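The structure appears below as structure tokens.
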Amino acid sequence: MTELTQENLNLQIRQVSHEIRNHLSICDMYTQILKRNLEKDGVKNDSISNALDCIQKSLQIIGTNLLDLKSLNTNTAMIMDFKNTVLKSVELAKAYTCEKNIEFECLIKNTANIYVDENRFISCIINIIKNGIEAIDIKGKISVIGEVKGGNAILTISNDGKPIPLNKQNEIFTEGFTTKQTGSGLGLCICKKYLESQNASLRLVKSAKTETKFEINLPSVD
Ligand SMILES: Nc1ncnc2c1ncn2[C@@H]1O[C@H](COP(=O)(O)OP(=O)(O)OP(=O)(O)O)[C@@H](O)[C@H]1O
Ligand SMILES: [Mg+2]
């Protein structure tokens, strides 16, 4: 067996990342081929186009995470449009609905530029929506409401599923805290850490029988 030194570990990370990236590019290439063929054949299907866009975006996000693993990714923040980025995230997160009957309300009242790494910001929103979907048993509603005011872009994400017990509410951002059988307790911790690194914040506004609400608050850019 190979000795578990830091050097071997780094090498293994690079090799595994390399292999995963190869297969990501195959998936991406075939997604492009599918898009081209649909266009060539004159097939107009919004649901298929949306699914292909979501697959491509997810592949990109996995790629970004792999770069992080290799520590090649420094500051990748860019000027992004708040509304567009949130709408894109909600489309991606809808994939977690599976068999549940979930109504999505998405209202972004106005927009502004924000300075974030698009893929990481999208991942934060997806993590929070995914938690919301997981808290809903069979039927429920997810609301994503955004507004820019006073130099801040404020996004609230709520659901009407099973609430977080009062005595657990201050533990949910702790790395490894989970109440799920297959959870890793990393989602919220990663979101909070990333948002705070961008001068933004993430907080639980409330969690009660009728509503659990999270709020992201980040500075808008002139
Ligand atoms: N919207 C929500 N409704 C109810 N409970 C929630 C909600 N969001 C988070 N929680 C609670 O906070 C815990 C931590 O969430 P977090 O996303 O960090 O980890 P996780 O969902 O358990 O696992 P994963 O790492 O896969 O995301 C959850 O296990 C759950 O108990
Ligand atoms: Mg989670």
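The values are calculated or read from the model by the stated rules, or taken from the named source; none is laboratory data. The shown structure was predicted, so the numbers you read here are calculated from the model rather than taken from an experiment. Here the Cβ positions follow ideal geometry from the backbone for every residue, glycine too, while neighbour counts run over all protein chains shown.
Things worth noting here:
- Output for region 184-198, where each listed residue is free of Cβ contacts under 8 Å to residues at least 60 places away in the same chain and within 16 Å of ligand 2 (Cβ to nearest atom): 184, 185, 186, 189, 192, 193
- The residue pairs whose first member lies in region 7-23 and is assigned by TED's automatic domain parsing to the domain that holds residue 63, whose second member is hydrophobic (A, V, I, L, M, F, W, C), and whose beta carbons are closer than 7 Å, counting only pairs six or more residues apart or on different chains, are 13/69; 17/66; 17/69; 20/66; 21/66.
- Residue 181 meets each of the listed conditions (1) within 13 Å of ligand 2 (Cβ to nearest atom); (2) within 17 Å of the chain's Cα centre (by Cα); (3) of a type in the set (S, T, N, Q) apart from (2).
- For region 151-201, taking the residues that are in a strand (DSSP E or B) and under 12 Å from residue 131 (Cβ atoms), the one that is nearest to ligand 1 (Cβ to nearest atom) is identified as 159.
- Subset tally (residues that are more than 15 Å from ligand 2 (Cβ to nearest atom) and within 30 Å of residue 221 (Cβ to Cβ)) for region 160-178: 0
- Residues of region 147-167 that turn out to be crowded, with 22+ Cβ neighbours inside 10 Å and closer than 14 Å to residue 106 by Cβ, as a count: 4
- Checked against (1) in contact with a helix residue (DSSP H, G or I) (Cβ under 7 Å, 6 or more places away or on another chain); (2) modelled with pLDDT under 95, residue 216 meets all criteria but (2).
- Residue list for region 115-159, filter: among the acidic types (Asp, Glu), more than 16 Å from ligand 2 (Cβ to nearest atom) and over 23 Å from residue 75 (Cβ atoms): 137, 147
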